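Data block below; observations after.
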Amino acid sequence: MERRKNSCKVEVLKNGPLLIQGPLSISYNGKEESPDREKIFLCRCGGSSKKPYCDGTHKKIGFEG
Ligand code: FES
């Protein structure tokens, strides 16, 4: 599937985070930021110490989803 221009793509990675690609802003705990990179990984397992971002903890805890 082709992505629309200026849209972001969200991909659910098996047993891992959400991969988000494209221009976006993130609102978390009342703060909003626009990452300067076009590709980010958001935690889906709840174990990251860098929420909302994935820090790889999903592998250590054996997250399945
Ligand atoms: S999905 Fe990677 S740390 Fe939660």
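The values are calculated or read from the model by the stated rules, or taken from the named source; none is laboratory data. Note that the structure is a prediction, hence the values are computed from the model and not measured. Positions of Cβ are backbone-derived with ideal geometry, glycine not excepted, and every protein chain shown enters the neighbour counts. Note: areas computed on protein heavy atoms with side chains; ligands, DNA, RNA excluded. Shrake-Rupley method; radii C 1.70, N 1.55, O 1.52, S 1.80 Å.
Side notes on the structure shown:
- Single match in PHE63, PHE41 (criterion: part of a loop (DSSP other than H, G, I, E, B), within 16 Å of the ligand (Cβ to nearest atom) and aromatic (Phe, Trp, Tyr)): PHE63
- There is no residue in the stretch 11-19 that is under 12 Å from the mean Cα position of the chain (by Cα) and at pLDDT below 95.
- Close Cβ contacts (under 7 Å, 6 or more residues apart or on different chains) running from residues in the stretch 30-47 that are closer than 23 Å to LYS60 by Cα to residues that are surrounded by fewer than 13 Cβ atoms within 10 Å (Cβ to Cβ) comprise ARG44/GLY65; CYS45/ILE61; GLY47/ILE61.
- When the stretch 1-49 is filtered for residues that are touching a Ser or Thr at 6+ places or on another chain (Cβ under 6 Å) and among the hydroxyl-bearing types (Ser, Thr, Tyr), the ones remaining, listed by number, are SER25, SER34, SER48.
- Of the set (1) acidic (Asp, Glu); (2) in contact with a Leu (Cβ under 6 Å, 6 or more places away or on another chain); (3) open to solvent by 90 Å² or more (accessible area, probe 1.4 Å), all apply to GLU2 but (2).
- Checking SER27 against (1) of a type outside the set (D, E, K, R); (2) loosely packed, with under 11 Cβ neighbours inside 10 Å; (3) part of a loop (DSSP other than H, G, I, E, B), the condition it does not meet: (3)
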